[in-house]
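Asker: First the structure, then my questions, so here it is.
The values are calculated or read from the model by the stated rules, or taken from the named source; none is laboratory data. Given the structure is predicted, the values throughout are model-derived calculations rather than measurements. All Cβ positions, even for glycine, are placed from backbone atoms using ideal geometry, and neighbour counts span all protein chains on display.
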């Protein structure tokens, strides 16, 4: 009687299904991650040992650097609502297309008068146009205060939450510039705000 | 990964010379490795890239109520932020004791020392007053708030950039910190 032959099995596994799954996951993660808008104002954040994360909703971010202030309200619905309110206040009518384009702009720093022109530009043209001089903060023409006030109203109406204000300042920015912005906030009775910093490696 | 050749091996000895059929199977292992590496990378970067918030409360400016807390002079430590990344600090009332000028790396030790001294002398926790002057940068301000957090000072520090006294200004000017 011949010995029963042990059949050799192939050691290779069919990887096709695994490959499919992993690429599906990869695609999902790439698409679900919101594309980060490049910051028009380049700031170097100071570091701190704090561990609290910045919330993503109901927040306005003031970017301060080179003596200029840029503004951003988080959330597309908030952006549109804020733009409508600010348009009413300054008697500027924004078309639905302009509203749509505005809702995807991140941080911006143009006076309200040239906002219409700015919104209709393409990304690279915006940078070149030289319109980004920061939002006017003079006591006579304090548009920043209006932006903050209208976005607070928009957040309160749409999400019935209080809006948080955070300051993203450049490390080398002088304290007087920060103080000027903080004074504007305090005029609106915002006495609590957060400073955005980067995480410091471990506890120094 | 090596794949064992389990095909019959198309006997070369004798017979017809057959054209060798290339296998349609591609080794996907490397591709799967790469895909999972990318997944891991994207997952980690999306969650780790979040900036950190430091909550700051400033005293209300229009507060007209008289209910103001009296502070014991012996219990307060005032830190003045000057230019060139220097600080000047003193205990107690302004002008009575000469402020000490230090750099940011040294100030933590002083804060800790003073904290212990106040705790031992009065049994109360220290009260910090931070006075950023016009010479200070934003980084200095963030750094000093961070120092307070590191040294474990629980009570909210008073951030006072309005009431900088003349004595303090003259001192800072003398030390070339303003």
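Conditions tested, residue by residue: (1) touching a strand residue (DSSP E or B) at 6+ places or on another chain (Cβ under 6 Å); (2) more than 9 Å from chain A (Cβ to nearest Cβ); (3) assigned to a helix (DSSP H, G or I); (4) farther than 27 Å from residue A:167 by Cβ.
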residue	(1), (2), (3), (4)
B:105	no, yes, yes, no
B:118	no, yes, yes, yes
B:121	no, yes, yes, yes
B:124	no, yes, no, yes
B:135	no, no, no, no
B:139	no, no, yes, no
B:147	no, yes, yes, no
B:152	no, yes, no, no
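Asker: Also, quick follow-up: Quick check on the range A:106-119: of everything there that is in a loop (DSSP other than H, G, I, E, B) and out of contact with any helix residue (DSSP H, G or I) (no Cβ under 7 Å at 6 or more places or on another chain), which residue is modelled with the lowest pLDDT? It would help to see each step written out before you state the result.
Answerer: Residues of the range A:106-119 in a loop (DSSP other than H, G, I, E, B): A:106-107, A:109-111.
With out of contact with any helix residue (DSSP H, G or I) (no Cβ under 7 Å at 6 or more places or on another chain) added as a condition, the list becomes A:106-107, A:109.
Working: A:106: 82, A:107: 85, A:109: 87.
If we take residues in the range A:106-119 being in a loop (DSSP other than H, G, I, E, B) and out of contact with any helix residue (DSSP H, G or I) (no Cβ under 7 Å at 6 or more places or on another chain), then A:106 is modelled with the lowest pLDDT.
Asker: Going through the range A:136-147 one residue at a time, which ones are surrounded by fewer than 21 Cβ atoms within 10 Å (Cβ to Cβ) and touching a residue at least 60 places away in the same chain (Cβ under 8 Å)?
Answerer: Across the range A:136-147, the qualifying residues are A:137, A:146.
Asker: Next up: Return the residues of the range A:93-105 that are assigned to a loop (DSSP other than H, G, I, E, B) and at pLDDT 85 or above; say none if nothing qualifies.
Answerer: Step one: list which residues in the range A:93-105 are assigned to a loop (DSSP other than H, G, I, E, B), which gives A:93-95, A:104-105.
Hits for the range A:93-105 are A:93, A:94, A:95.
Asker: OK, next. Could you list all residues from the range B:48-75 that are more than 7 Å from every other protein chain (Cβ to nearest Cβ) and either under 17 Å from residue B:139 (Cα atoms) or at pLDDT 85 or above (or both)?
Answerer: Matches in the range B:48-75: none.
Asker: Can you tell which of B:45, B:40, B:78 is at pLDDT 70 or above, surrounded by 14 or more Cβ atoms within 10 Å (Cβ to Cβ) and not in a loop (DSSP other than H, G, I, E, B)? Give the derivation first.
Answerer: Working: B:45 fails: surrounded by 14 or more Cβ atoms within 10 Å (Cβ to Cβ); B:40 fails: surrounded by 14 or more Cβ atoms within 10 Å (Cβ to Cβ).
Exactly one residue qualifies, and that residue is B:78.
Asker: Considering A:42, A:77, which residue is over 12 Å from residue A:166 (Cβ atoms), part of a loop (DSSP other than H, G, I, E, B) and away from chain B (no Cβ under 14 Å)?
Answerer: Working: A:77 fails: part of a loop (DSSP other than H, G, I, E, B).
Going through A:42, A:77 in turn, just one is over 12 Å from residue A:166 (Cβ atoms), part of a loop (DSSP other than H, G, I, E, B) and away from chain B (no Cβ under 14 Å): A:42.
Asker: Please work out if residue A:150 is more than 10 Å from chain B (Cβ to nearest Cβ), crowded, with 16+ Cβ neighbours inside 10 Å and over 24 Å from residue A:51 (Cα atoms). First the steps, then the outcome.
Answerer: Numbers: more than 10 Å from chain B (Cβ to nearest Cβ): yes; crowded, with 16+ Cβ neighbours inside 10 Å: yes; over 24 Å from residue A:51 (Cα atoms): yes.
Considered against the rule, which asks whether it is more than 10 Å from chain B (Cβ to nearest Cβ), crowded, with 16+ Cβ neighbours inside 10 Å and over 24 Å from residue A:51 (Cα atoms), residue A:150 comes out as yes.
Asker: Which one of these is surrounded by fewer than 17 Cβ atoms within 10 Å (Cβ to Cβ) and within 26 Å of residue A:194 (Cβ to Cβ): A:14, A:42? Walk me through how you get there before you give the answer.
Answerer: On the way: A:14 fails: within 26 Å of residue A:194 (Cβ to Cβ).
Result of the check over A:14, A:42: A:42.
Asker: Moving on. Scan the range A:10-28 residue by residue and report those that are modelled with pLDDT of 80 or more and more than 20 Å from residue B:40 (Cβ to Cβ). Quick ask: steps written out before the conclusion?
Answerer: Within the range A:10-28, the subset modelled with pLDDT of 80 or more is A:14-28.
Selection gives A:14, A:16.
Asker: From the list A:68, A:91, pick out the single residue that is within 14 Å of chain B (Cβ to nearest Cβ) and surrounded by fewer than 19 Cβ atoms within 10 Å (Cβ to Cβ). So that I can check it myself, show each step before the final result.
Answerer: Values: A:91 fails: within 14 Å of chain B (Cβ to nearest Cβ).
Going through A:68, A:91 in turn, just one is within 14 Å of chain B (Cβ to nearest Cβ) and surrounded by fewer than 19 Cβ atoms within 10 Å (Cβ to Cβ): A:68.
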